[in-house]
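Chemist: Let me give you the structure first, and then I'll get to my questions.
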Amino acid sequence: MHEIEIELGFMMHFTKMKLACFVAVVYAFLLVVDGASFDVAFDDIYEVVWGGDHVNFLNERRDAQLWMDPAYGAGFGSKLNYGSGFIHMRIKLPDKDSAGVVTAFYLTSNSSKHDELDFEFLGNREGKPITLQTNVFAQGVGNREQRTLLWFDPTADFHTYKILWNLYQIVFYVDEIPIRVYRNKMDIGVPYPNQPMSVQASLWNGEDWATDGGQTKINWSNSPFIAHFQGFHFGACSLPKTALDVEPCYQDLSNYWWNRSKYWQLSGKEQRQFNEVRQKYLNYDYCDDTSRHPTPPPECQFNK
């Protein structure tokens, strides 16, 4: 009898261990499908591409700092190209007086008629709001700027900036809130990014245009300006550097969750958040700029 009790106890303990392992595996899987950021080192995903002596690493290279002085800034890029994904970075911007300083996080193709998806943070005088400019290039044509005033201080702490890219739409997120949508309307002749792109981040001198149309210049007495980056892992379909076609990345629904029908359009909650951001914080939209576009570009009717 005693032996039976021991055996039953062992079996129950073993079952609990298996259950705990199963829960851990499921939890890890949910992290993947939710697009959560894993704690990986910079070198697992990225490499420094310019200004190497203006880059610092902390926390076993899980935090990167780019800094800029009167000489130059710095930038890094992904080792691979991608054809779709939910790509994100946690960023804390340079503080104090950062007028003329541009911190960028973006996707870009290496081609003459390139595709590009931009987050550009436009620094400002201390106490004035920092503007987030987004832009979409398709087949070498950009000039699709939108500018959003952030509802928090992006220099005080890290925030997550995301780009969802699939066959149906491109969505720019701040934390979990969608601030911009660019839908695929190739069926009416609107170009849509469809080239492999790398992921880039940089800190650079944009005083010729970034603040007050270039009227407010950089105050170099506040240099070096430092931008902080972390959260280097993201979900995306990787491609060889020589690849020209992203079609396989668009079609795979089993491995690439961001291609599934759930992500073909905003959810009801996301649409409400998007509408609120546009109403309260959008302060420039190329679609409404009649001096540049007397007739709004055709995609504008679909992206509101």
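Chemist: For segment 20-44, how many residues meet the condition of being at pLDDT 50 or above and touching a strand residue (DSSP E or B) at 6+ places or on another chain (Cβ under 6 Å)? Give the steps one after another, and end with the answer.
Modeler: Within segment 20-44, the first condition is being at pLDDT 50 or above, and the residues that meet it are 38-44.
Next, only the ones that are touching a strand residue (DSSP E or B) at 6+ places or on another chain (Cβ under 6 Å) stay: 42.
Counting residues in segment 20-44 that are at pLDDT 50 or above and touching a strand residue (DSSP E or B) at 6+ places or on another chain (Cβ under 6 Å) gives 1.
Chemist: Same structure again: Report, ordered by the first and then the second residue, all pairs with beta carbons closer than 6 Å, sequence separation of six or more or different chains, a first member in segment 140-163 that is over 15 Å from Gly231 (Cβ atoms) and free of Cβ contacts under 8 Å to residues at least 40 places away in the same chain, and a second member that is open to solvent by 30 Å² or more (accessible area, probe 1.4 Å) and in a loop (DSSP other than H, G, I, E, B).
Modeler: Taking only residues 6 or more apart or on different chains, the pairs are Gly140/Lys113; Gly140/His114.
Chemist: I'm told His233 meets every condition in (1) in contact with a strand residue (DSSP E or B) (Cβ under 8 Å, 6 or more places away or on another chain); (2) farther than 24 Å from Thr131 by Cβ; (3) modelled with pLDDT of 95 or more except one. Can you identify the failing condition by its number?
Modeler: (1)
Chemist: Of the conditions (1) free of Cβ contacts under 8 Å to residues at least 40 places away in the same chain; (2) open to solvent by 20 Å² or more (accessible area, probe 1.4 Å); (3) among the aromatic types (Phe, Trp, Tyr), Trp67 satisfies every one except a single condition; which number is it?
Modeler: Looking at each condition in turn, Trp67 falls short on (1).
Chemist: Does segment 53-60 contain any residue that is without any contact (Cβ under 8 Å) to a residue 40 or more places away in the chain, in contact with a helix residue (DSSP H, G or I) (Cβ under 6 Å, 6 or more places away or on another chain) and not aliphatic (A, V, I, L, M)?
Modeler: No, segment 53-60 contains no residue that is without any contact (Cβ under 8 Å) to a residue 40 or more places away in the chain, in contact with a helix residue (DSSP H, G or I) (Cβ under 6 Å, 6 or more places away or on another chain) and not aliphatic (A, V, I, L, M).
Chemist: A further question follows. Being open to solvent by less than 10 Å² (accessible area, probe 1.4 Å) and in contact with a Gly (Cβ under 8 Å, 6 or more places away or on another chain): is that true of Leu107 here? Walk me through it before giving the result.
Modeler: Details: open to solvent by less than 10 Å² (accessible area, probe 1.4 Å): yes; in contact with a Gly (Cβ under 8 Å, 6 or more places away or on another chain): no.
Considered against the rule, which asks whether it is open to solvent by less than 10 Å² (accessible area, probe 1.4 Å) and in contact with a Gly (Cβ under 8 Å, 6 or more places away or on another chain), Leu107 comes out as no.
Chemist: Determine which single condition Pro154 fails, assuming it passes every other condition in (1) crowded, with 19+ Cβ neighbours inside 10 Å; (2) over 15 Å from the mean Cα position of the chain (by Cα).
Modeler: (2)
Chemist: Give segment 206-234 a look and list any residue that's under 21 Å from the mean Cα position of the chain (by Cα) and not aromatic (Phe, Trp, Tyr), or say none.
Modeler: Correct list: Gly206, Ala210, Ile226, Ala227, His228, Gln230, Gly231, His233.
Chemist: May I pose another question? Report yes if Tyr250 is within 27 Å of Gly100 (Cβ to Cβ), buried (at least 18 other Cβ atoms within 10 Å of the Cβ) and of a type in the set (Ser, Thr, Tyr), otherwise no.
Modeler: Values: within 27 Å of Gly100 (Cβ to Cβ): no; buried (at least 18 other Cβ atoms within 10 Å of the Cβ): yes; of a type in the set (Ser, Thr, Tyr): yes.
Taking the combined requirement at face value, the residue does not satisfy it.
Chemist: Separate question: Taking segment 86-126 only, how many residues are among the small types (Gly, Ala, Ser) and under 24 Å from Trp257 (Cβ atoms)?
Modeler: Looking only at segment 86-126, we keep the residues that are among the small types (Gly, Ala, Ser), and these are 98-100, 104, 109, 111-112, 123.
From what is left, the residues that are under 24 Å from Trp257 (Cβ atoms) are 109.
Residues in segment 86-126 being among the small types (Gly, Ala, Ser) and under 24 Å from Trp257 (Cβ atoms): 1 in total.
Chemist: Scan segment 164-199 residue by residue and report those that are open to solvent by less than 10 Å² (accessible area, probe 1.4 Å), among the hydrophobic types (A, V, I, L, M, F, W, C) and farther than 30 Å from Gln230 by Cβ.
Modeler: Selection gives Val190 alone.
Chemist: Tell me which residues, restricted to segment 200-212, are open to solvent by 10 Å² or more (accessible area, probe 1.4 Å) and more than 17 Å from Ser223 (Cα to Cα). Let's see the steps before the verdict.
Modeler: Taking segment 200-212 as the starting set, the residues that turn out to be open to solvent by 10 Å² or more (accessible area, probe 1.4 Å) are 200, 204-205, 207-209, 212.
Within segment 200-212, Gln200, Asp208, Trp209, Asp212 meet the criteria.
Chemist: Something else now. Any residue in segment 261-272 that is closer than 25 Å to Gln139 by Cα, crowded, with 19+ Cβ neighbours inside 10 Å, in contact with a helix residue (DSSP H, G or I) (Cβ under 9 Å, 6 or more places away or on another chain) and not aromatic (Phe, Trp, Tyr)?
Modeler: no
Chemist: Next question. Taking Asn166 and the conditions (1) of a type in the set (S, T, N, Q); (2) in contact with a helix residue (DSSP H, G or I) (Cβ under 9 Å, 6 or more places away or on another chain); (3) under 20 Å from Lys280 (Cβ atoms), which numbered condition does it fall short on, given that it satisfies the others?
Modeler: (3)
Chemist: List, please: which pairs have Cβ atoms under 8 Å, are six or more places apart or on different chains, and start with a residue in segment 288-299 that is in a loop (DSSP other than H, G, I, E, B) and end with one that is open to solvent by 70 Å² or more (accessible area, probe 1.4 Å)?
Modeler: Every condition considered, the pairs that remain are Arg292/Asn143; Pro296/Asp288.
Chemist: Looking only at segment 276-303, count every residue that is of a type in the set (D, E, K, R) and either open to solvent by less than 40 Å² (accessible area, probe 1.4 Å) or closer than 11 Å to Gln146 by Cβ (or both) and tell me the total. Give the steps one after another, and end with the answer.
Modeler: Within segment 276-303, the subset of a type in the set (D, E, K, R) is 276, 278, 280, 285, 288-289, 292, 299.
Cutting the leftovers down to either open to solvent by less than 40 Å² (accessible area, probe 1.4 Å) or closer than 11 Å to Gln146 by Cβ (or both) gives us 278, 285, 288-289, 299.
Of the residues in segment 276-303, 5 are of a type in the set (D, E, K, R) and either open to solvent by less than 40 Å² (accessible area, probe 1.4 Å) or closer than 11 Å to Gln146 by Cβ (or both).
The values are calculated or read from the model by the stated rules, or taken from the named source; none is laboratory data. The shown structure was predicted, so the numbers you read here are calculated from the model rather than taken from an experiment. Cβ sites come from the backbone with ideal geometry, for glycine too, and all protein chains shown count toward neighbours. We work out accessible area using only protein heavy atoms, side chains counted, and drop any ligands, DNA or RNA first. Shrake-Rupley method; radii C 1.70, N 1.55, O 1.52, S 1.80 Å.
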